[in-house]
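**Q** Handing you a structure now.
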Amino acid sequence: MITLTRTLRLNELEIFNVFKDGALICITILEDTRQPYSEQDLQLDPLCSMQEEDLIIVENVFKFYIVDDKPLSAADSRYVHEFFADLIETNDFTNFIMQDFVYPDIYELIDLHKLNAYQKILQHVGSSYKIPPISKNKWNHLSQQS
């Protein structure tokens, strides 16, 4: 059985831990860029083979970063991709990009109970998003899971 725990929810960023049978299988980050495709995005398959007029109308791109210390199994990857793809309502002006990243030893190198760990993951996947400091009166943004 696959379950999710949302560990952080901000206006433009959500982070989920994805579990299978109680074991963490990946971390999935959803970033609302509030921007059109970047030049780097346009190099990705299948965007690089699409017509420019189909790409320039997109005004908002959501990015999903699926991160684990090793590649997910085909079945787990398919499930995670399908689940998160269903979260975004796409149209002519909104679309998403989903990318898988292997971050060797991620669970040994960083403490997933600290915000700076997620900032390190964002840097690893090439995101320029900076997690703002969270004031003590807004701790409800963080999961209560220990």
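The values are calculated or read from the model by the stated rules, or taken from the named source; none is laboratory data. The shown structure was predicted, so the numbers you read here are calculated from the model rather than taken from an experiment. Counting neighbours? That spans all protein chains shown, and the Cβs are built from the backbone with ideal geometry, glycine included. Calculation scope for accessible area: heavy atoms of the full protein, side chains included, ligands and nucleic acids excluded. Shrake-Rupley method; radii C 1.70, N 1.55, O 1.52, S 1.80 Å.
**Q** When all C-alpha to C-alpha distances in the range 46-90 are sorted into bins of 5 Å, what percent of pairs does each bin hold, rounded to whole numbers?
**A** 4, 16, 21, 19, 18, 14, 7, 1
**Q** Where Lys and Arg each count +1 and Asp and Glu each count -1, what net charge lies around residue 86 among other residues with Cβ under 15 Å from its Cβ?
**A** Taking every other residue near residue 86 into account, the sum is -2.
**Q** Which value at 222 nm does the chain reach when only helices count, each DSSP H run of 4 or more adding -39,500 (n - 2.57), with the total divided by all residues and rounded to the nearest 500 deg cm²/dmol?
**A** Helices in the chain give a 222 nm mean residue ellipticity of -5500 deg cm²/dmol.
**Q** For the range 18-93, how big is Rg over Rh, using alpha carbon atoms and the Kirkwood form of Rh?
**A** Over the Cα atoms of the range 18-93, Rg/Rh equals 1.03.
**Q** Just want to confirm a number: the relative contact order over the range 2-138, from Cα pairs under 8 angstrom separated by 6+ residues, in percent.
**A** Contact order relative to length: 18 percent.
**Q** Within 12 Å, Cβ to Cβ, of residue 20, how many net charges do the neighbouring residues add up to if Lys/Arg are +1 and Asp/Glu are -1?
**A** My count for the surroundings of residue 20 gives -3.
**Q** Calculate how steeply helix 115-125 sits against the longest principal axis of the alpha-carbon atoms of the chain, using the helix alpha-carbon long axis, and give the answer as 0 to 90 degrees to the nearest 10.
**A** 30 degrees
**Q** Now for a different question. For residue 91 and residue 1 in one chain, what is 0.36 nm times their gap in residues minus the Cα-Cα distance, to one decimal in nm? Walk me through the intermediate numbers first.
**A** Working: separation 90, 0.36 × 90 = 32.40 nm, distance 3.12 nm.
Contour length minus the Cα-Cα distance gives 29.3 nm.
**Q** To continue, here is another question. Average the reciprocal distances over every distinct pair of alpha-carbons in the chain, invert the result, and give the Kirkwood radius in Å.
**A** In the chain this quantity evaluates to 16.3 Å.
**Q** Further question on the same structure: Taking only protein heavy atoms into account and a 1.4 Å probe, give the accessible area per residue of the range 2-138 in Å².
**A** So the range 2-138 comes to 60 Å² accessible per residue, rounded to a whole number.
**Q** Does anyone have the angle between helix 74-85 and the longest principal axis of the chain? Alpha-carbon axes, 0 to 90°, nearest 10?
**A** 70 degrees
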